[in-house]
Amino acid sequence: MESRLEQAAALGQKDKGPAFISLIVEIISRQDQSTVAQDLQTLVGFVVNQESVGLVVGRQVLSELVRILGDGTISDPEVRKRVVQETIDHTQPKIVSYEEQVSNLRFQLADIYELEEEWSDAARVLMGIQLDSNQRSLPDGEKMRVYVRIVRLLLEEEDSVQAESYFNRAQLLVHSTTDKETLLQFKLCQARISDYSRKFLEAASRYHELSFVADIDEEERRHMLMAAVTAAVLAPAGPNRSRVLASLYRDERTTELPTYNILSKMFLDHILRPAEIKEFEGTLKPHQLAKIAISSNDRVATSTIDEEIGNPSDPPMSTRTAPATVLDRAVMEHNLLASSKIYHNITFRGLGALLDLTPGAAENMARKMIEQGRLRGTIDQVDKLIWFEGNHEEDDAQGKAGGLGEVEEAEDTGAPFTKRWDAQIRITAANVESIVQHLTERGLIRVPVQA
């Protein structure tokens, strides 16, 4: 092999390129493929490192080798993978001279790794491509396509931290492309990064939006709809999540999903049972089951409150001082919000029993939700009670539904905890009377006349 390389190098400048290229074709066409990789690397090393070959000929030969490798002329995938990898290793020290050829080889190697589902290796190879080089300038649309592909590969490996770094680079170039496929992949990466970052409300909205895109395969759209439901369930309880849940609940496609049961219970503010939570937990991904740490401030607050609450005559209480996972926290916050629709007030110990937390931890969770505006209520630490405030706007809306007319609000008697009860009685009685009057006018019922 060495002698033939020397002969080719001794030819005239016009004949060197064709001579080396014909030698490449001869090596690849052999019946015995065992020495193909070794001989090709000998040729590449000679072409790249021998000054007698020249830079122009070297680029011509390497470009042809890249084309042949890209055409799949080498049928053995392992041999092709070795040739591409070793060619990159030989030419990397002279990347300034062979930047375009090395970049094309890296794209090919990334394709090979991706077929083998070696996501991190494929991403690492693409990261080695110099997209901002003085020697070779790529359009912004091409740069964005590479960045989005790196993000997608890193997310497959669940490396969300590094993926977010490359996503931020792609975000700066999003205006530079009109390619539908690239933009869809970008939006999907955006949703997945929000998911991994535990920004579940954002993730749910973006997944749901993508589930309506007609260019995406039907099965993929169903998968995105299910991801939207999952993210919405894991989102912090409150008005914002309620709006997202309402949007998903009204989407008729969700009725066919295995997670529809928990979605409907979340939307209707029903308390979730352990068996339902366990079933839903089986559909979650590892990052959605991540452990969460309790802060030192919460630990101190919880222990202090629990010491004050202790009462030997009360039944045994839970020893859990905080939710253990993202799902735990989402379910506990939901059950707390649902209990506010059922009860006017609840003791710390009763809420702890409902949430499977110590009374202090339950009070601490309620306090946080009230502070953040996600729960309407007040805390009475003297009587160890949580008082829930109803949504009067919702009560009014329900009273006016169906054209039954407006109902006067109850007079403020100065009794804060009986006023709402009196108002509910008045509203219910007025609505019943309005319904009877409406039916009587239409002749649907008759009032018996006493003789």
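The values are calculated or read from the model by the stated rules, or taken from the named source; none is laboratory data. All figures in this text were calculated on a predicted structure; none of them were measured in a lab. Quick reminder, even Gly has a Cβ in these numbers, built from the backbone with ideal geometry, and neighbours come from all protein chains shown. What goes into the accessible areas is simple: the full protein's heavy atoms, side chains included, and nothing from ligands, DNA or RNA. Shrake-Rupley method; radii C 1.70, N 1.55, O 1.52, S 1.80 Å.
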Problem set entry | Surrounding net charge for VAL326, when Lys and Arg each add one and Asp and Glu each subtract one, Cβ distance under 12 Å | +1
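May I ask for the percentage of alpha-carbon pairs in the range 157-252 that lie more than 22 Å from each other?
Within the range 157-252, distances greater than 22 Å cover 32 percent of Cα pairs.
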For this session: Rank these residues by their accessible area, most exposed first, probe 1.4 Å: HIS334, HIS270, HIS287.
Result: HIS270, HIS287, HIS334
Problem set entry | Unit charges at the beta carbon, dipole of the range 62-125: most positive-side option, SER120, SER75, LEU105 | LEU105
For this session: Within the range 89-119, find all residues whose amide N lies under 14 Å from a label point positioned 7 Å from the Cα of ARG67 along Cα-to-beta-carbon.
Result: 101
Problem set entry | Accessible area per residue, Å², the range 1-75 with all protein chains present, probe 1.4 Å | 52
Exercise. Using a probe of 1.4 angstrom, how much of the accessible area of the chain is carbon and sulfur, in percent?
Worked result: 50
Exercise. Can you list the GluC sites (Glu not before Pro) in the range 7-81 that are in a DSSP coil and have 11 or fewer other beta carbons within 10 angstrom?
Worked result: GLU51
Problem set entry | Size of charge dipole - the range 128-215 - debye, nearest 20, with Cβ of Lys, Arg +1 and Asp, Glu -1, no other charges | 140
For this session: Taking 7 Å along the Cα-to-C-beta vector as the label spot, tell me the GLU276-HIS175 distance in nanometres, rounded to one decimal.
Result: 4.7
For this session: Calculate for the chain the 222 nm mean residue ellipticity that helices alone would give, adding -39,500 (n - 2.57) per DSSP H run of length 4 or more and normalising by residue count, nearest 500 deg cm²/dmol.
Result: -20000 deg cm²/dmol
Exercise. Can you give the charge dipole size of the chain about its Cα centre, rounded to the nearest 20 debye, using +1 on the beta carbon of Lys and Arg and -1 on the beta carbon of Asp and Glu?
Worked result: 260
Seminar exercise, completed: Net charge near SER340 (other residues with Cβ under 12 Å of its Cβ; Lys, Arg +1; Asp, Glu -1) is 0
Problem set entry | Listed residue pairs exceeding 23 Å between alpha carbons, taken from LYS199/LYS285; LYS16/LYS94; LYS265/LYS384 | LYS265/LYS384
Problem set entry | In Å, descending, principal axis extents of the Cα set of the range 1-135 | 44, 41, 20
Exercise. Roughly what percent of Cα-Cα pairs across the chain reach past 28 Å?
Worked result: 67
For this session: Compute the separation of the alpha-carbon centres of the range 213-243 and the range 72-148 and state it in Å as a whole number.
Result: 35
Seminar exercise, completed: For the range 313-388, using Cα atoms only, the Rg and Dmax in Å read 11.4, 35
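In the neighborhood of ALA214, defined by Cβ-to-Cβ distances under 12 Å, what is the net charge if each Lys or Arg adds +1 and each Asp or Glu adds -1?
Local charge sum for ALA214: -2.
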Seminar exercise, completed: Rounded to the nearest 0.05, FRET efficiency between ALA290 and VAL56 (Cβ-Cβ, R0 45 Å) equals 0.20
Problem set entry | VAL213/ALA10 FRET efficiency (R0 60 Å; Cβ-Cβ; nearest 0.05) | 0.50
Exercise. Any idea which of LEU173, ALA293, LEU43 is furthest toward the positive side of the dipole for the chain, if Lys and Arg beta-carbons carry +1 and Asp and Glu beta-carbons -1?
Worked result: LEU173
Problem set entry | Distance violations [Cα-Cα > 22 Å] among LYS278/LYS368; LYS143/LYS180; LYS143/LYS187 | LYS278/LYS368
